[in-house]
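Take a look at the structure set out below.
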Amino acid sequence: MLDVFPVNDYGPIMPGLVMAAVAIVHVFLAQFAVGGGILLCYLQWLGMTGRNPHARQFVAGYFKVLVLISFVLGALTGVGIWFTAIQVSPHTIGSMVQNFHWLWATEWLFFSLEIVSGYCFYRYHSRLSDNASMVLLVIYAVASWMSLYLINGILSWQLTPGRWLETHTLFDGFYNPSFWPSLLFRTVVAMTLASLAACVVINLMTSVDREAKTSLMNRVAELLIPMVIMPGLGLWFLAVMPADSRSWVLGGSPAMMLFLNISIGSSLAIGAYALLGLVLQRLFINTATAGLLLLLAFGATAGGEFVREGSRKPYSVRHVLYSNSIRPQDVAQMRVVGCTANDPYPLRNDSIYPNDQVRLGGKVFRRQCSVCHTVEGTNGVTELTGAWDTNQCRLNIAKLQHTKPFMPPFAGTPQELEALVQFINWSSAERPEAWRENTDPTDFAQIKTWLEEAGTAPGDFKQNNKRRQELIR
């Protein structure tokens, strides 16, 4: 079994939600930086060739925004992702580093090149020739896009490891089935974010008149044209997703379907306004409108990232690691030796637990549930199980992967499952000082039977339908 690492307790906010909040902000800023590099090269070229007399002025102002927002906040949230991830799911991060450490190292080199070239341009561009400035901007743009290229391969591997599951070779994992649609989609998103942010910056340029601002907007809006291929890229991504993951986002999970619709709706609203208003009618948009479009883009990014993360359920790395950091091949062993056998960490406020059974249940919850659930807060188990009686709670947890197929199977002994049920009941009863332990062997025998019926394999809709047909026969 894998070693156990302590999981940080964020109180009523589930740990995964904390990491998601940091990650969404970072992804938004990082993609803005990638698109910003492309946009700046284009505007620098326009200025060099005399196609727009205000392009150079825009480049200088836009890069200040890029540095202050993307370089500073992007770097801070990037560190924040690593900081929260190792507290929430260290085994997931460990798997990504172990299998792709050379790619991570290469990405760090490109990131360093991006930072160095960016700051050199920021500090010295007023003293450089147009050609020298263009060289720095091209280096910055290529380096930032290569960071996206490398990280995209590692992240998409989590959902679609593809042939890597048989070969375990670096390139089979990196160039996985969802690599190209994901990379192209993110590149278009990056260009869109950069263009919308540019509209905000243009409105803040006080030294040029409205006509000049309109001409600049018409130019930066050209980076919105690739949005027309986003529906095709989205369908391509859905097509290469595993069937069960696709079923979550297309109705199997109401939350994931809701966030997918938010992402699609926001993208359609941005695309329709941008293409019809900015590209075709060449309109001028004010700061408020540009800010609203950028806010919609943030909503689309948040929805898309939620779907990307959620569609991997019940895995954090498909067929490699469950979302609770338990490996699929370890479930059967844990059914015998227990999931807390190698957990040396005491519970926080250990003295409040009324007996050893409830205390054991607290450790089982921390080991198997706490990444995605709280006790009484966000996605709290006391609320989710509130309508179940005690026996139904035992049955539903014992057959968890069939109760809710996006959940991993319960990985523990009957005694640990009963301890978890007692911990939930005790928590639902507002944690009284006295609580009776349940040692009825009949209950443990029934739980064992249910666990054996459930099996140790993950559940899915097809498997559940097959089991129903077998019962009918």
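Using the Cα gyration tensor of the chain, with a ≥ b ≥ c the square roots of its eigenvalues, what is the shape: rounded (a/c below 1.5), prolate (a/b larger than b/c) or oblate (neither)?
Prolate is the answer for the chain, as a/c is 1.5 or above and a/b outweighs b/c.
When a/c is below 1.5 the answer is rounded, else prolate if a/b is larger than b/c, else oblate, so apply that to region 378-460 with a ≥ b ≥ c taken from the square roots of the Cα gyration tensor eigenvalues.
oblate
Checking the cross-link filter: which aspartates and glutamates have an alpha carbon closer than 15 Å to that of residue 213, excluding same-chain neighbours under 8 positions apart?
222
Hey, any idea what the orientation-averaged projected area of the convex hull of region 334-428's Cα atoms comes to, in nm²?
Spelled out: convex hull of the Cα atoms, projected over all directions, averaged, 5.9 nm².
Specify the angular offset, from 0 to 90 degrees and rounded to the nearest 10, of the alpha carbon long axis of helix 356-368 from the longest principal axis of the alpha carbons in the chain.
30 degrees
Quick one: longest stretch of the chain between exposed loop GluC sites (Glu not before Pro), exposed meaning at most 10 other C-beta atoms within 10 Å and loop per DSSP?
For GluC sites (Glu not before Pro) (loop position, at most 10 other Cβ atoms within 10 Å), the longest site-free span of the chain is 1-429.
Take peptides 76-83, 403-410 and line them up by average Cβ neighbours within 10 Å, highest first, as a rough protection proxy.
In descending order of packing, they fall as 403-410, 76-83.
Using the Cα atoms as the points, what is the convex hull volume per residue of region 257-380 in Å³?
Hull volume normalised by residue count: 153 Å³.
Rounded if a/c is under 1.5, else prolate if a/b beats b/c, else oblate: with a ≥ b ≥ c from the C-alpha gyration tensor eigenvalues square-rooted, which is region 44-121?
In terms of gyration-tensor shape, prolate.
Would you give the gap between the C-alpha center of region 1-56 and the C-alpha center of region 337-410, rounded to a whole Å?
35 Å
Answer with one residue from 21, 120, 175: the one whose Cα lies farthest towards the positive end of the charge dipole of the chain, charges on Cβ with Lys, Arg +1 and Asp, Glu -1.
Of 21, 120, 175, it is 120.
Which whole-Hz ³J(HN,Hα) couplings does region 26-33 yield from phi under the Karplus relation 6.51 cos²θ - 1.76 cosθ + 1.60, θ = phi - 60°, glycine and proline marked x?
In residue order, the calculated couplings are 5, 4, 4, 5, 5, 5, 4, 5 Hz.
Quick one: check the C-alpha center-to-center distance for region 224-262 versus region 119-144, whole angstrom.
Here the answer is 37 Å between Cα centres.
Can you tell me the 0 to 90 degree angle between the C-alpha axis of helix 90-124 and the longest principal axis of the chain, rounded to 10?
20 degrees
For residue 315, what residues show an amide H to amide H distance below 5 Å, using hydrogens built from the backbone and excluding near sequence neighbours?
Here the answer is 323, since their amide H atoms fall under 5 Å of that of residue 315.
Would you work out the charge dipole size for the chain about its Cα centre, treating the Cβ of every Lys and Arg as +1 and the Cβ of every Asp and Glu as -1, and quote it to the nearest 20 debye?
Value, rounded to 20: 1220 debye.
Treating the angle as unsigned and between 0 and 90°, give the value, to the nearest 10°, between the Cα long axis of helix 74-88 and the longest Cα principal axis of the chain.
The answer is roughly 10 degrees.
FYI, it's all coordinate maths here, none of it is from the lab. Given the structure is predicted, the values throughout are model-derived calculations rather than measurements. No Cβ is skipped: glycine too gets one built from the backbone with ideal geometry, and neighbour counts run over all protein chains shown.
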